[in-house]
Amino acid sequence: SRTVAVYRGAFQGSTLMWNQPSFALPLVSEQGLVYEAPQITCDPDRGYVYLGCTRMVRHSEDSYPHTIQFVRSVDWGQTWSTPLTLSGPRCSGSQTLVGPEGEVYVVWQDYEAGRIAGRKSMDFGQTFDPQIVIAPTHLSLGSSPPGYCPSSGRVNPLYGACTELLDAGFPAV
């Protein structure tokens, strides 16, 4: 997508009513630039909302400048911070988690280095510690792991329907 819109809903009696969208990421006008795989995480104790995604430049296969972007909201998703770039190039598939003390963890697949990497924030996503290596990865292009399907919407006879998360090989915590 060219931006990421977040809708907030609340029950009024038994009816779920939706607010107007807030735009978590700026609208991009550059040709071929899109946001992929947005993942939203909430910290309900504080009313903070975190969103990580891949900033992807299509038609740039030589340099593959995809990076992990992170934004946060401290008012239940009404307004959003300026995006932070958390990774170097050739990264995708972020997942954001909130720890028991409100620390924020963002993990992703670093295809260039062949590893799962991440960063940690101790100030609710305002700033992040340097990147850490979580685990090396081995992409088995010759043979797929059990449950893998080459495209979403297909059904594996042993493992059922495929999901985009399985297709992409992104980390899950």
Hey, any hits in segment 130-153 for a residue that's open to solvent by less than 60 Å² (accessible area, probe 1.4 Å) and at pLDDT 90 or above?
no
Original post:
Taking the stated definitions as given, is Gly32 modelled with pLDDT under 85, on the phi > 0 side of the Ramachandran plot and loosely packed, with under 15 Cβ neighbours inside 10 Å?
Top reply: yes
Practice item. Return yes or no: is Val107 buried (at least 16 other Cβ atoms within 10 Å of the Cβ) and more than 17 Å from the chain's Cα centre (by Cα)? Key: no
Flagged pairs (Cβ under 6 angstrom, 6 or more apart or on separate chains; first in segment 101-127, more than 19 Å from Pro171 (Cβ to Cβ); second acidic (Asp, Glu)) are Met122/Glu103
**Asked** Can we say Gly125 is outside any strand (DSSP E or B), modelled with pLDDT of 95 or more and under 19 Å from the mean Cα position of the chain (by Cα)?
**Response** yes
Within the bounds of segment 10-24, is there any residue that is surrounded by fewer than 15 Cβ atoms within 10 Å (Cβ to Cβ) and within 16 Å of the chain's Cα centre (by Cα)?
-> yes
query = Within segment 52-71, is even one residue surrounded by 14 or more Cβ atoms within 10 Å (Cβ to Cβ), at pLDDT 90 or above, in contact with a Lys or Arg (Cβ under 9 Å, 6 or more places away or on another chain) and of a type outside the set (S, T, N, Q)?
reply = yes
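The values are calculated or read from the model by the stated rules, or taken from the named source; none is laboratory data. None of the values given here were measured: they were computed from a predicted structure. We place every Cβ from the backbone using ideal geometry, glycine too, and count neighbours over all the protein chains shown. These accessible areas exclude ligands, DNA and RNA; they are computed on the full protein's heavy atoms, side chains included. Shrake-Rupley method; radii C 1.70, N 1.55, O 1.52, S 1.80 Å.
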